[in-house]
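Peer 1: Have a look at this one.
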Amino acid sequence: MEELLTVKKLCKDGILKDISFDVKIREMVAIMGPSGSGKSTLLYQVSGMDRADSGEVWIDGTEICALSEDERAKLRLSRMGFVFQQMNMLKNLNLLDNILLPASRLNRGKVPRKELESRARRLMGKMGIEALAQRRITEVSGGQLQRACICRSMINQPKILFADEPTGALNQSTAQEVMAEFTRLNQEGTTILMVTHDSKVAAKCGRILYLLDGRIQGEFSPTGAMGEKEREAAVSRWLAGMGW
Amino acid sequence: MKARILWNELKGGPLLAVTTWLFMAVSAFMFALTCFLAIGLLGSVDTLMEAAKTPDFLQMHAGEIDEAALARFTEQREQVLSFQTLRFLNLENSAMVLGEHSLADNTQDNGVCVQSEQFDYLVDLENHVIEEVRSGEIYVPVCYRQMFGLSVGETVQIGEAEFTIAGFLRDSQMNAMMASSKRFLVSDADYELLKSAGSEEYLIEFLLREDADGNAFATAYTDAGLPTNGPAITKPLIRMMNALSDGLMILVILLVSVVLLLISMLCIRFTLLTQLEADQKEIGMLKAIGMPKEEIRNLYFLKFLALSGLGAVCGLVLAFASKGALTAQMQELYGPSENGWWGFLAAFAGAALTEGILLLSVRRTLKRTEKLSAVEALTGQPRGSKQRPLPSPQYLIVALVITLGMFLMILPQNILSTISSPRFVTYMGIGDGEIRLDLRQTEDIAGKTEQLKKLLAQEEMVDRFAALQTLSCRAVLPDGTYSAMQVEQGDHTVFPVSYAKGAAPKAKNEIALSYLCAEELGLSVGDTLLLLTEEAPQEYTVCGIYSDITNGGKTAKAAFLPGGGTPMWSVFYVSLKEGVPKEQWLLTWTQRLSDSGIRARAVDIQEYVTDTYGQTIQEIRMAAWAAVLAAALVMFVVVVLFTRLLVAQDRNEISLRKALGFTLRDIKGLYFLRFLPVLLAGILAGILSGNLLGEQLAGIFLKTLGAMGFRFRIDGKAVCGWIPAVAVVTVFCGVLLGLLEVKHIRAYECCMGKE
């Protein structure tokens, strides 16, 4: 498989130290580690939200560390999707408009709103929230809101989806539902890199990177043949071995 | 999508949107009004001066004139387009009764004349030249219409003669109350009938080519030895006198506009910063998903653009709706302005400029969103930099708004008290006395001056007096040419005018120059000046510079003039002993002078101020009260908003205090305590800036109008009394209203972790 994201010798403010790894197309990778290990900081650097002190980050053949802020913004808009723990959305827009926001910017004047809207509704339909299109963000549950965030992240058909603790603010059953959506997206071909604290969430990923004190301490791939329970147990054992 | 965001944004926060709109509308209103009034005033004055064909140079003269010599002088000069001599019959004010109002107390030189033949016409209220005046009819200066509520058909009594008011007239050169003479128009036959009742003087008038130098012409006129027994005036000075009375009101409105604009900028910046801080996470999210910074900035900017457009339209509509009340006086005195469209255009430009400035400040504030990285915004933590991502200026802004509000209230009050004070005339070239006696248009001025000096010296009720005689001299310019100059000789230290630089002349070789005179001669304090008197050339050192708009503005003051010469007129300044009733003394002395055969006009200077600047004072008073209202309203709105914001921020803390057992009164008390230093600092800074900076600011504007070295007469009662009280009450009420929400915060909210 071809690499979609390649990180080489990345350093940032002493929090990240000489980090190198890669993510292949269609892969779903989890980054785990204790609080303060640098997980979120790593995500901000590889997605171009922040600029690393040194090292290289290649996404889909483009080295983003050398790009200007505006160029990185364009790249995020067209090739990346984001899902945050806090489900950040514009409070003055309804769910549909929030989902359409990145699309209306990227396709300004090129694609009619109707077409974008039907794309958004299809995504919402898949996530089971189509009926909530006109609701304000304060009128839906946390799980529904996080699904809407996933729809927003997918509206521009990104090459890679970054998720920062996407189930951190959800209860267990909602978290499972949301993770099912991530798995489905991955199976449909979306590459995903997510930061998580939850070993059950990580167990659904193809590969887990363990971060400690700003360095990657280990890597684990639960084999595909195992059942869900066995995968979770295997991940827990591995994490225990890493000192989790 | 942008329209959707904008609409939802306005719907979501109507209070902030309305406040922002209000500030934008008020700023646009004030600037549009200032531009409209200024252009309207200049336009009206110019239209009137054009309709009346105002002369370029005018010499008043009491005594005989040699028409042939004047004609010869005119023929030799190419720059003269036309020349004429007009007669003006100076009447005793006590002999004149308009309707039921006697002019006995009036401080103006009132008199009659007939319509001019070639130029300097007296025009009717439509600005048409009054062609025919029938016998028994009279046209009255328009300023008296408003002053005495006169109407056509009423009678005017002049001595024994009775006239019917046929209409009202505008006089392009004597229209302003600051011009000290007023011309009534009668028929030729009536003029001849009245002749014995007054003293006649001449107005020798010239119309010059457009490219002619009025000042050079004035010098040539004096050098030619032509009649000069009276003041000489040029067209620019007439325009200035016309513009000055209403100009002062416009000046106050302009100053208020500038301060209001500053306040608006501060408040809009404040509300925007507050919003940006609240929206930090949203901004971070937009950045994270790849929205370009320009796009994010525009999302906010669009709202302000829409509000400013709405504000400008409302401001303009309000300005056009309210201009009527403020232009009523202007229209009455000067008639309609021909450049009406320019006024509208200027108002548009004023409103556009205001909104432009406000939007520019909004854009600058929005730049902050660019400095904030996506990560900083999302986490709320600054990375790498020590600065907070979006610092909230909060209390500083409230203190600044209180300062500016105080400034806004104090400045017009100070201007008002300065202009109302008898000392204000000292900036206009009039001495600091209680009573002024003028000896003009009479025979043997030198002899009568001596006679009056003796009479005053014997008078027990007089505390002190000074006699000043004005003589015509010529100054030698560096290039060897001459310039005509009216030099006032006498002791100038007794009742001094205000000196912008230096002091009054004391020594034999000292001379003080008026600002206009010093400008023309290019002289400053310490320079020397060669003066040609009747005896011999004499060198003088310039010891002081003062502003003067009397007698043509180009005057000088000296303690001694060699040889004396023949004075053109004399002025006495008198102050009475304490307890002497001024009015009664004036009445007795008018009679006594008349019995002694001295034709002198006695004026109470305080009354002169009221007569001359009465209208201006009234207009400024109106503007000053409007400023107090506007300032109080702005302070109130800002304090209410700020307090509401504080309460919203402190919701959790307030809830906790309630949970711990604090009463509503305790919590409110805490906020009042927090506001106290802000209020005190604002009041103190406002008093200081209003008095010091305000004086500088008003001085700059007044200098352009001819008054130099302007000093505020601070109205202590207002500045340290009721104005701070208004500020305290306003802020108190604002805090009280802003704290209403505290009542609705529940004690258990903090336990639920609700923000």
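Peer 1: Can you count the Lys pairs in the stretch B:227-380 whose Cα atoms are under 17 Å apart, with each pair 8 or more apart or on different chains?
Peer 2: Eligible lysine pairs with Cα atoms under 17 Å apart amount to 9.
Peer 1: Taking a ≥ b ≥ c as the square roots of the Cα gyration tensor eigenvalues, with a/c under 1.5 meaning rounded and otherwise prolate when a/b beats b/c, else oblate, which class fits the stretch B:493-534? Don't skip to the answer; put the middle values down first.
Peer 2: On the way: a/c = 1.78, a/b = 1.15, b/c = 1.54.
Since a/c reaches 1.5 but b/c is at least a/b, the shape of the stretch B:493-534 is classed as oblate.
Peer 1: Which of the aspartates and glutamates could a cross-linker bridge to B:LYS453, judged by Cα under 20 Å and excluding same-chain residues fewer than eight apart?
Peer 2: Straight-distance partners of B:LYS453: B:ASP432, B:GLU434, B:ASP438, B:GLU443, B:ASP444, B:ASP463, B:GLU488, B:ASP491, B:ASP595, B:ASP604.
Peer 1: Working from the alpha-carbon coordinates of the stretch B:1-137, get Rg over Rh, Rh being the Kirkwood radius. Don't skip to the answer; put the middle values down first.
Peer 2: On the way: Rg = 27.7 Å, Rh = 21.3 Å.
Here the Rg-to-Rh quotient is 1.30.
Peer 1: Further, regarding this structure: Which of the three applies to chain A, rounded, prolate or oblate, going by the alpha-carbon gyration tensor with a ≥ b ≥ c and a/c under 1.5 meaning rounded?
Peer 2: In terms of gyration-tensor shape, oblate.
Peer 1: Over the whole of B:368-377, what's the average partner chain Cβ count within 10 Å per residue? Rounded to a whole number, please.
Peer 2: Details: counts 0, 0, 1, 0, 0, 5, 10, 9, 2, 2.
Mean partner-chain Cβ count within 10 Å for B:368-377: 3.
Peer 1: First check a/c for the stretch B:175-304, with a ≥ b ≥ c the square roots of the eigenvalues of its C-alpha gyration tensor; if it is under 1.5, answer rounded, and if not, answer prolate when a/b is larger than b/c or oblate otherwise. Could you put the intermediate results ahead of the total?
Peer 2: Working: a/c = 5.59, a/b = 3.41, b/c = 1.64.
Prolate, because a/c is 1.5 or more and a/b exceeds b/c.
Peer 1: For chain B, find the longest principal axis of its Cα atoms and tell me its angle to the long axis of helix B:664-688, 0 to 90°, nearest 10.
Peer 2: Here the helix axis deviates by roughly 30 degrees.
Peer 1: Calculate the dipole size of the protein assembly as shown relative to its Cα centre from +1 charges on Lys and Arg beta carbons and -1 charges on Asp and Glu beta carbons; express the result in debye to the nearest 20.
Peer 2: 7900 debye
Peer 1: Report the antiparallel proportion of the DSSP beta bridges in the protein assembly as shown as a percent, rounded to a multiple of 5. Display every interim value, and only then the final one.
Peer 2: Numbers: 93 of 129 bridges.
Given both bridge residues lie in the protein assembly as shown, the antiparallel proportion sits at roughly 70 percent.
Peer 1: Can you pull the semi-axes for the stretch B:587-724, root of five times each eigenvalue of the Cα gyration tensor, sorted largest first, whole Å?
Peer 2: Details: eigenvalues 591, 54, 33 Å².
Semi-axes, largest first: 54, 16, 13 Å.
Peer 1: Let me ask something else about it. Per-residue Cβ counts within 10 Å, from other chains only, averaged over B:712-725: what number is that?
Peer 2: Working: counts 0, 0, 0, 0, 0, 0, 0, 0, 0, 0, 0, 0, 0, 0.
Going residue by residue through B:712-725 and averaging, the value is 0.
Peer 1: Antiparallel as a % of all DSSP beta bridges within chain A, to the nearest 5? Don't skip to the answer; put the middle values down first.
Peer 2: On the way: 19 of 36 bridges.
For chain A, the DSSP antiparallel bridge percentage is about 55.
Peer 1: GluC sites (Glu not before Pro) within the stretch A:128-201: which are DSSP loop residues with at most 10 other Cβ atoms inside 10 Å?
Peer 2: Working: sites: A:GLU130, A:GLU139, A:GLU177, A:GLU181, A:GLU188; in loops: A:GLU188.
Of the GluC sites (Glu not before Pro), the ones in loops of the stretch A:128-201 whose Cβ has at most 10 other Cβ atoms within 10 Å are A:GLU188.
Peer 1: Let me ask something else about it. Which listed residue (B:VAL80, B:SER135, B:GLN146) has the Cα farthest towards the positive end of the charge dipole for the stretch B:1-154, taking +1 on Lys and Arg C-beta and -1 on Asp and Glu C-beta about the Cα centre?
Peer 2: Comparing the listed Cα positions along the dipole, B:GLN146 ranks first.
Peer 1: Just order B:565-578, B:163-176 by mean Cβ neighbour count inside 10 Å, highest at the front, would you?
Peer 2: On the way: B:565-578: 19.7, B:163-176: 22.7.
Descending mean neighbour count gives B:163-176, B:565-578.
Peer 1: Quick one: net charge around A:LYS24, please, counting Lys, Arg +1 and Asp, Glu -1 for every other residue with C-beta under 10 Å from its C-beta. Please list the in-between numbers first.
Peer 2: Numbers: positive: A:ARG26, A:ARG207; negative: A:GLU2, A:GLU3, A:ASP22, A:GLU27.
It works out to a net charge of -2.
Peer 1: Of B:THR612, B:GLY699, B:MET485, which is farthest on the positive side of the dipole of chain B, counting Cα position, with +1 on Lys and Arg Cβ, -1 on Asp and Glu Cβ, and the Cα centre as origin?
Peer 2: Result: B:GLY699.
Peer 1: Continuing with this model, one more query. Other chains near A:91-98: what is the mean number of their Cβ atoms within 10 Å of each residue's Cβ?
Peer 2: Values: counts 7, 12, 5, 2, 0, 0, 4, 1.
For this peptide, the per-residue mean of nearby foreign Cβ atoms is 4.
Peer 1: Related question: Could I get the Rg over Rh figure for the stretch B:63-229? Both from C-alpha atoms, Rh via Kirkwood, rounded to two places. Before the final figure, lay out each step's value.
Peer 2: Numbers: Rg = 17.0 Å, Rh = 17.1 Å.
That ratio is 1.00, to two decimals.
Peer 1: Something else about it: For the stretch A:1-67, which GluC sites (Glu not before Pro) pass both filters: DSSP loop (anything but H, G, I, E, B) and at most 12 other C-beta atoms within 10 Å? Write down the numbers at each step before the final one.
Peer 2: Numbers: sites: A:GLU2, A:GLU3, A:GLU27, A:GLU56, A:GLU63; in loops: A:GLU2, A:GLU27.
Counting only loop positions with at most 12 other Cβ atoms within 10 Å, the GluC sites (Glu not before Pro) in the stretch A:1-67 are A:GLU2.
Peer 1: Just to be sure I understand: of the beta bridges DSSP finds with both ends in the stretch B:63-229, what percent are antiparallel, rounded to 5? Numbers along the way, then the final one.
Peer 2: Details: 26 of 36 bridges.
Beta bridges within the stretch B:63-229, antiparallel portion: roughly 70 percent.
Peer 1: Counting only C-alpha contacts under 8 Å and six or more residues apart, can you give the relative contact order of chain B as a whole percent? Can you show the working numbers first?
Peer 2: Values: 1343 pairs, mean separation 125.5, N = 755.
17 percent.
Peer 1: Which whole-number percent of Cα pairs in the stretch B:443-598 have a distance greater than 25 Å? Walk me through the intermediate numbers first.
Peer 2: Working: 4202 of 12090 pairs.
Result: 35 percent of Cα pairs exceed 25 Å.
Peer 1: Just going by the charge dipole of the stretch A:1-61, with Lys and Arg at +1 and Asp and Glu at -1 on Cβ, which of A:LEU5, A:GLY36, A:MET49 is farthest out on the positive end?
Peer 2: Projecting each Cα onto the dipole axis, the largest value belongs to A:GLY36.
Peer 1: Mind pulling up the Rg/Rh value for chain B? Radius of gyration and Kirkwood radius, both on Cα. Walk me through the numbers on the way to the answer.
Peer 2: Values: Rg = 32.1 Å, Rh = 29.8 Å.
Rg divided by Rh gives 1.08.
Peer 1: Below 8 Å, C-alpha to C-alpha, sequence gap of six or more: please give me the relative contact order for the stretch B:63-229 in percent. Don't skip to the end; give the middle numbers.
Peer 2: Working: 282 pairs, mean separation 54.0, N = 167.
Once normalised by length, the contact order is 32 percent.
Peer 1: I've got another one for you. Among the GluC sites (Glu not before Pro) within the stretch B:105-151, which fall in a DSSP loop and have no more than 11 other Cβ atoms within 10 Å of their own Cβ? If you can, show how the numbers build up before the last one.
Peer 2: Numbers: sites: B:GLU117, B:GLU126, B:GLU131, B:GLU132, B:GLU137; in loops: B:GLU117, B:GLU126, B:GLU131, B:GLU132.
Sites meeting the loop and neighbour criteria: B:GLU117, B:GLU126, B:GLU131, B:GLU132.
Peer 1: I've got another one for you. Give me the net charge of B:GLN591's neighbourhood, meaning all other residues with Cβ under 14 Å from the Cβ of B:GLN591; Lys, Arg count +1, Asp, Glu -1.
Peer 2: Within the 14 Å Cβ shell, the charges total -1.
Peer 1: Please state, as a whole number in µm²/s, the translational diffusion coefficient that the Stokes-Einstein equation yields for the protein assembly as shown at 20 °C and 1.002 mPa s, with Rh defined as the Kirkwood radius across alpha carbon pairs. Don't jump to the answer; show the numbers that get you there.
Peer 2: Values: Rh = 34.9 Å.
Rounded, D is 61 µm²/s.
Peer 1: Let me ask something else about it. As I understand it, the value is the acute angle between the Cα axis of helix B:582-595 and the longest principal axis of the Cα atoms of chain B; what does it come to in degrees, rounded to 10?
Peer 2: It works out to around 20 degrees.
Readers should treat all values here as calculations from the given coordinates under stated rules, not as data from a laboratory. Small disclaimer: the values here were computed from a predicted structure and weren't measured. Note: ideal-geometry Cβ built from the backbone for every residue, glycine included; neighbour counts use all protein chains shown.
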